[in-house]
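Colleague: The structure that follows is given in the form of C-alpha cells.
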Amino acid sequence: MWRHFLLVVLFGGLLGYAWFLSHRRGSAQPAQSSPFHFREVSADRGLVFQHRAPDLDSRLAPILPQIAGTGAAIAIGDANGDGWMDIYVVTSRGGESNGLFVNDGKGGFVDRSAEAGVGAVNENGRGVSHGALWADLDRDGDQDLFVYMWGQSRLFRNDSDAAKDTIRFTDVTTTAGLVPWMNCATACFTDFDRDGDLDLFLGGYYRESVNLWAIETTRILHNDQEFAENGGRNFFLRNDGGLTFTDVSDEVGLGSTRWTYGVGAADLDGDGWQDLYVANDYGEEEFYRNVPIAPGDPATTRGFELQKGLGLDAKAKSGMSVTLGDITNKGNLAVYVTNISQPGWLMQGNNLRLVRPGGAFALDNVADGDTANCGWAWGADFGDLDLDGWQDLVVVNGFRSKNPKREYWYQMSKLATGTGSLLEDAANWTPFEDMSLSGYQRTRVLINRKRGYRFRDIGEAAGVTDLYDGRAVALCDFRNEGALDMLVANQEGPLLLYENELKGGRWIGLTLVGRSSNPDGVGALVTAHFGTSVQSQVVTAGQGFCTQTDPRVHFGLGDEPLHSIQITWPSGIVQTLTSPAINAYRKVVEPAP
Amino acid sequence: MQNDAKSPNIFARLTPKHLVVILITTILVVGEWQYHVIGGYPRLVVALGVCMLTELVLSMFVLGRRVPLLSAYVSGTSLTLLLKPEAGLIWPFVVGAMLSILSKYVLRWRGRHLWNPTNCSICLLLLVAAPVTAILSHEWSNQLATNLLLWAYGLVVVSRAKVLHVTLAYAASFALFAALRGWMHAEDARTFASTFNAEIGPLTGPMYQLFCFFMVTDPPTTVSTKRGRIFVAFLVALAEHLIRVGVEDGVSWLMPFAPAPALFALFFVGPVAMVVSLEWNAHRAKLAGRSRLAPTT
C-alpha cells in the first residue's frame, strides 16, 4: 500500500513540476527594468498611416485574412539625399495611397507621396503593394524606388532635385523588363555578378497564373503545410544598367515554386560572392550559394546552387523572414528566421543559425527560449539598442487580432492536418468571420545577454506594449543621434514609431558609397574591432519581412575603445579605417582598386 | 493469433505486441527519413531511455520482477512522435515518459491499468504544461500518397493483430460524425461538400494514423469483448464529436481540449469503459460463482 501511495505522490509531483516549469517558461517573466526606453511617437512626428488589406475576388472573401494576411511593409532610404532617413510605407488596398514620409531633419516627417508620384500605385486588378526597396539602380547618385506587388510591380526613377527641394519620381515600369505578373511577397537587391549593378531577387507566393481579383479556381492555396512546392515562382532579374532588367532565373538556377516569404543576401560562405538565404512559408529554408556555372565572364557565368546537407531541411517549418546580424561579437554572421509558435497547436520555434567559423561552411542553430518562441513571428531586425556593444533583436508578431474569445486555430487544424487536395481549396476553409488567430501578441524586444546566445525579452519594461499584428520592423536612427528607433508596420493597423530615449553612449555609423561596387555598397561586410570584440554587419537592401532597414551600418561600442573598422566591399576591395572618430555618421567611399 | 513458439513461420510467431513494435518502428524510421518528424535525436533517446528505465525500476519496485520492455519502447516512441514542445525543451519528454509508465502502476482498477500510457501522459501535459507543449499536427506532410501508404500498412498490421475492427469502427464513426458536423455547418446542400471536407480532414492526417493504430486499439486498455470494443470506439468518436461541437460553439471549459479532441475523447471514455467492463465482468463472475455454489434441485 505504501508503495502505491509513494507512486501517487510521485505522479502528482511530476504534474506539479511540469506545471511549474512550463508556466515559468511560458509566461516569460517580464523584465522589471530596461537600459533604455521606447516612446511611441508616430502621431507626434507626423507619421499617420494605416495599412488596409486588399479587396479580392468575392469567393475569397470568407477567408480573406488568410489570403491577404500580409502586405504591411516599410522601406527606409534617403529619398532626397539630405542625409536623413526617409520612409516609404505601403498599404494593400486598391485605390489607397502608399506613403512617402520625408524626414525634415528636425524630428518630424511629411508625407510627400503625392508630390513624388509614388503614392497612387494600388489598383484592383492591376496590382497592390506588398513591399518596396530603395536602391541606386542607375548609378546616378540617388535612390530609385521599386515597389513589389501582387500583380504588376512598379519601378520608379528618382528625378528629385535636392537643390530645389523637389522630390519627383518617374514610373519606368514599362521599359524596365520586370516580371509582367506575379504575386510577389518579398524581394531584395544584390550584386550577384559583381558588375556594380544591383540585381533583383523576387519571391513568389501565390502562383503567377493566379489573378486574385478574378480567380479561375478556388484551388490556389498550399497543398502541404510543411513541404509545399505549389506556390509562386521565384525570379531573378539581372540589372543591365539604365534601369532595365533581364529575367535570368533559369540561367542562374533560381526558379523554386515554394511559398517564399523572406530573403537575405550576403556573402555567407566568405568566398567573395553574394549568396542568398531564402525562407519559405510551408517549407524548408534554402541556402543558395553563389557559384561559377561556367568559365568566363561572371556576368554570364555566375549562378546559384541550392546547398544540401546543411540541416536546413531537417525541420520544415513556416519561414516568414530572414534577418542577418552578429550576436556573438566574434565576427561571424547569424541568420535569424522567424516561424510560428502557438502553445497547444504548433511550436515550430524560430531559428537562429550561426555561420560556423573556419572549415567547411556550416550553420549551427542556437535558437532557444526567448529567441525561439516569439509567438506567430514575422519581421525581425538586429541592432544595438542600448549601445553596449552587442546587437539586440526585435521581433514583431501576431496574425489577426479580432474577437479575443473566438480563435481560428481549431478551424485551421482541421484542414492543416488533412490531405493536401482538401487543404489547397479555399472553398473548404471555414470562414474567418470575427475570429482571431494568434492575436494580441506583443512585440519582442530581446536584449543580448552577451554570452551563450541568450536573449531576454524586455519589451514591456522598455515601453513596447502595443498588441497590433506586426509584419515589418526596422531599427533606424532617424535623428542621427546614435540611438536606434523602431519602426513597425502593422497588418490592418497603424504605422508605429518607437523613439529610443537613450541618451549618451558611444557609437559610430557609416554610409557606404561604392565605386567599383554598387553605389549603395549593398553586400559589403563591415567589421568593427573594439576592445576584444569583433562585430560584423552586412549592408542589405531588403531583409526581414517585407522590410528594408536602415541602409547605414551602426555599431554601439559600449565602453570599449574602437581600434579599427574593416570594410570588405562587394568588389573584393578591402578597406581599413583606423581609429575613426565616433559618435557620428561618416561617409566612406570605396577606394580605387 | 498464431504465436506458437515452435512454428517455423517467424511471422506466425509474432504476438500483437511485436507487430505494434514493428509498425511504430517503421513509422519512426520512415517518418524521420522522409520528414524529419522526430525534431532531434535527443528527444528520442530521452523518451525511450526514460520510459524503459522507469518501467524497469517500477516493475522491480512494485512487482518485484522485471517485465518485458516492449510496452515501454512503444510508449517512448509514440511520445516522441506525438509530443511537439517548444524548441530546445527536453524536460517534457522526461516528464512525459515518466508519467506514461507511472500511469500504468498508479491509475489501476482491479489490477488493470486504465489509460493508454502515451494518451494519458500527452493529455496531462497538454493540460498542465499548456504554454510550452503542442502535439503532432502536420509535420508528416499532407501528401495523400504518404497517408494512404501508412493507412494501408497500418491496416494490415492491426488486422494481423486482430484489432482491425476497432480501427474501422472508430474511423467509420468519425466519418459519420464528420458528416453530421458538416451538415450542421453547411448553409445548404451545395456547401455541404466544403464543410464535410473540412470536418473529415483530420482523419487523413498523421496524428490520426497513430491514434487509430496505436491508441484506440491498445489491448490492455480496451474492453474484453469484440462488440464492447466496437462500441467503445464509437463512444470515443461520439465524445470527440461533442468536444468538437462544443469548441465550435465557444464553450470555454472545452477549449483546453481543442488541440487534440481525439486524444482527450479517449482519455475520458477509455477508462470509464474499462471500469464498467471490469465491474461487469466481476459481477458476472460473482454470479457465475454463486450459481456454481447453489444447490441443485
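Colleague: Where residues in the range B:6-39 are assigned to a loop (DSSP other than H, G, I, E, B) and surrounded by 17 or more Cβ atoms within 10 Å (Cβ to Cβ), which of them is farthest from the other protein chains (Cβ to nearest Cβ)?
Modeller: My answer is B:14.
Colleague: Got a sec? Which of B:153, B:105 is closer than 30 Å to residue B:67 by Cα and either more than 8 Å from chain A (Cβ to nearest Cβ) or at pLDDT below 90 (or both)?
Modeller: Details: B:105 fails: either more than 8 Å from chain A (Cβ to nearest Cβ) or at pLDDT below 90 (or both).
Testing whether each residue is closer than 30 Å to residue B:67 by Cα and either more than 8 Å from chain A (Cβ to nearest Cβ) or at pLDDT below 90 (or both) leaves just B:153.
Colleague: Would you confirm whether or not the range A:468-478 contains a residue that is more than 19 Å from the chain's Cα centre (by Cα) and among the acidic types (Asp, Glu)?
Modeller: Taking every residue of the range A:468-478 in turn, none turns out to be more than 19 Å from the chain's Cα centre (by Cα) and among the acidic types (Asp, Glu).
Colleague: Got a sec? Which of A:520, A:477, A:457 is within 29 Å of residue A:399 (Cα to Cα) and out of contact with any helix residue (DSSP H, G or I) (no Cβ under 8 Å at 6 or more places or on another chain)?
Modeller: On inspection, the qualifying residue turns out to be A:477.
Colleague: If you don't mind, another one. In the range B:210-226, which residues are within 14 Å of chain A (Cβ to nearest Cβ) and either of a type in the set (Ser, Thr, Tyr) or closer than 17 Å to residue B:75 by Cβ (or both)?
Modeller: Listed by number, the residues that qualify are B:210, B:211.
Colleague: Separate question: Tell me the residue from A:48, A:8 that is more than 30 Å from residue A:88 (Cβ to Cβ) and of a type in the set (Val, Ile, Thr), please.
Modeller: Details: A:48 fails: more than 30 Å from residue A:88 (Cβ to Cβ).
None of the other options fit; the residue is A:8.
Colleague: Still on this structure: Among the residues of the range A:16-36, are any in contact with a Lys or Arg (Cβ under 7 Å, 6 or more places away or on another chain) and either farther than 30 Å from residue B:100 by Cβ or not in a helix (DSSP H, G or I) (or both)?
Modeller: The answer is yes; a qualifying residue exists.
Colleague: Only one of these conditions is not met by residue B:115: (1) within 19 Å of residue B:266 (Cα to Cα); (2) part of a helix (DSSP H, G or I). Which number is it?
Modeller: Answer for residue B:115: the failing condition is (2).
Colleague: Continuing with the same structure: So, in the range A:316-345, exactly how many residues are farther than 20 Å from residue A:287 by Cβ, touching a residue at least 60 places away in the same chain (Cβ under 8 Å) and not aromatic (Phe, Trp, Tyr)? Walk me through how you get there before you give the answer.
Modeller: First pass over the range A:316-345, keeping only residues farther than 20 Å from residue A:287 by Cβ: A:329-330, A:340-345.
Right, trim to touching a residue at least 60 places away in the same chain (Cβ under 8 Å) and you get A:329-330, A:340, A:342-345.
Filter once more, keeping what is not aromatic (Phe, Trp, Tyr): A:329-330, A:340, A:342-344.
Summing the residues that are farther than 20 Å from residue A:287 by Cβ, touching a residue at least 60 places away in the same chain (Cβ under 8 Å) and not aromatic (Phe, Trp, Tyr) in the range A:316-345 gives 6.
Colleague: Could you run through the range B:156-205 and say how many residues are at the interface with chain A (Cβ under 9 Å from one of its Cβ atoms), free of Cβ contacts under 8 Å to residues at least 24 places away in the same chain and under 20 Å from the mean Cα position of the chain (by Cα)?
Modeller: 1
Colleague: May I pose another question? Would you mind listing the strands (runs of 3 or more DSSP E) fully within the range A:287-389 where at least 3 residues are among the basic types (Lys, Arg)?
Modeller: Those strands (runs of 3 or more DSSP E) do not exist here; none qualify.
Colleague: Being part of a helix (DSSP H, G or I), within 13 Å of another protein chain (Cβ to nearest Cβ) and either under 18 Å from the mean Cα position of the chain (by Cα) or hydroxyl-bearing (Ser, Thr, Tyr) (or both) narrows it down to one of B:59, B:78, B:71, so name that one. Break it down stepwise before answering.
Modeller: On the way: B:78 fails: within 13 Å of another protein chain (Cβ to nearest Cβ); B:71 fails: within 13 Å of another protein chain (Cβ to nearest Cβ).
None of the others qualify; the one that does is B:59.
Colleague: Applying the selection to the range A:157-205, what residues are under 26 Å from residue A:303 (Cα atoms) and without any contact (Cβ under 8 Å) to a residue 24 or more places away in the chain?
Modeller: Filtering the range A:157-205 down to residues under 26 Å from residue A:303 (Cα atoms) leaves A:173, A:175-205.
Matches in the range A:157-205: A:173 only.
Colleague: Continuing with the same structure: Within the range A:302-317, take every residue that is charged (D, E, K, R) and either more than 13 Å from chain B (Cβ to nearest Cβ) or touching a helix residue (DSSP H, G or I) at 6+ places or on another chain (Cβ under 7 Å) (or both) and give me the one that is nearest to residue B:87 (Cα to Cα).
Modeller: A:308
Colleague: Does any residue in the range A:1-25 that is at the interface with chain B (Cβ under 7 Å from one of its Cβ atoms) come within less than 8 Å, Cβ to Cβ, of a residue that is among the charged types (D, E, K, R) six or more places away or on a different chain, and which pairs are these?
Modeller: Hits for this filter: A:25/B:86.
Colleague: Regarding residue B:192, is this residue surrounded by 18 or more Cβ atoms within 10 Å (Cβ to Cβ) and among the aromatic types (Phe, Trp, Tyr)? Outline the logic, then answer.
Modeller: Details: surrounded by 18 or more Cβ atoms within 10 Å (Cβ to Cβ): no; among the aromatic types (Phe, Trp, Tyr): yes.
It is false that residue B:192 is surrounded by 18 or more Cβ atoms within 10 Å (Cβ to Cβ) and among the aromatic types (Phe, Trp, Tyr).
Colleague: Whether any residue in the range B:119-133 is surrounded by fewer than 24 Cβ atoms within 10 Å (Cβ to Cβ), at the interface with chain A (Cβ under 9 Å from one of its Cβ atoms), in contact with a Ser or Thr (Cβ under 9 Å, 6 or more places away or on another chain) and among the polar types (S, T, N, Q) is what I want to check.
Modeller: Looking for residues that are surrounded by fewer than 24 Cβ atoms within 10 Å (Cβ to Cβ), at the interface with chain A (Cβ under 9 Å from one of its Cβ atoms), in contact with a Ser or Thr (Cβ under 9 Å, 6 or more places away or on another chain) and among the polar types (S, T, N, Q), one finds none in the range B:119-133, hence no.
Colleague: Another question, then. Being part of a helix (DSSP H, G or I) and in contact (Cβ under 8 Å) with a residue 24 or more places away in the chain is the filter here; which residues of the range B:139-154 pass it?
Modeller: The answer is B:144, B:146, B:147, B:150, B:151, B:153, B:154.
Colleague: Still on this model: For residue B:187, are the conditions met, namely being in a loop (DSSP other than H, G, I, E, B) and within 27 Å of residue A:409 (Cβ to Cβ)?
Modeller: On the way: in a loop (DSSP other than H, G, I, E, B): yes; within 27 Å of residue A:409 (Cβ to Cβ): yes.
The answer is yes for residue B:187.
Colleague: Of the conditions (1) free of Cβ contacts under 8 Å to residues at least 40 places away in the same chain; (2) farther than 18 Å from residue A:348 by Cα, residue B:91 clears all except one; give me its number.
Modeller: Condition (2) is where residue B:91 drops out.
Colleague: Looking only at the range B:248-293, count how many residues are in a helix (DSSP H, G or I), touching a residue at least 60 places away in the same chain (Cβ under 8 Å) and of a type in the set (Gly, Ala, Ser).
Modeller: Going through the range B:248-293 one residue at a time, the tally reaches 3.
Colleague: Residue B:230 - would you say it is more than 10 Å from every other protein chain (Cβ to nearest Cβ) and either closer than 21 Å to residue A:345 by Cβ or crowded, with 17+ Cβ neighbours inside 10 Å (or both)?
Modeller: Yes; evaluated as a whole, the condition is true for this residue.
Colleague: Hey, another quick one. Quick one: residue B:221 ticks every box in (1) more than 30 Å from residue A:407 (Cα to Cα); (2) at pLDDT below 90; (3) surrounded by fewer than 22 Cβ atoms within 10 Å (Cβ to Cβ) except a single one, so which number is it?
Modeller: That leaves (3) as the condition not met.
Colleague: Also, I was wondering about something else. Which pairs turn up if I take residues in the range A:396-421 that are on the phi > 0 side of the Ramachandran plot and more than 8 Å from every other protein chain (Cβ to nearest Cβ) and look for partners that are at pLDDT below 95 and surrounded by fewer than 19 Cβ atoms within 10 Å (Cβ to Cβ) with beta carbon separation below 9 Å, at least 6 apart in sequence or on another chain?
Modeller: So the pair list comes out empty.
Colleague: Any residue in the range A:365-378 that is more than 20 Å from residue A:261 (Cα to Cα) and more than 9 Å from chain B (Cβ to nearest Cβ) sitting within a Cβ distance under 7 Å of a residue that is among the acidic types (Asp, Glu) and part of a strand (DSSP E or B)? List the pairs, counting only those 6 or more apart or interchain.
Modeller: A:370/A:457
Colleague: Need the failing condition index for residue A:427 against (1) within 11 Å of chain B (Cβ to nearest Cβ); (2) buried (at least 20 other Cβ atoms within 10 Å of the Cβ); (3) among the hydrophobic types (A, V, I, L, M, F, W, C), just the number.
Modeller: Failing condition for residue A:427: (2).
The values are calculated or read from the model by the stated rules, or taken from the named source; none is laboratory data. These numbers come from a predicted model, not from an experiment. When we count neighbours, we look across all protein chains shown, and the Cβ atoms used for this are built from the backbone with ideal geometry, even at glycine.
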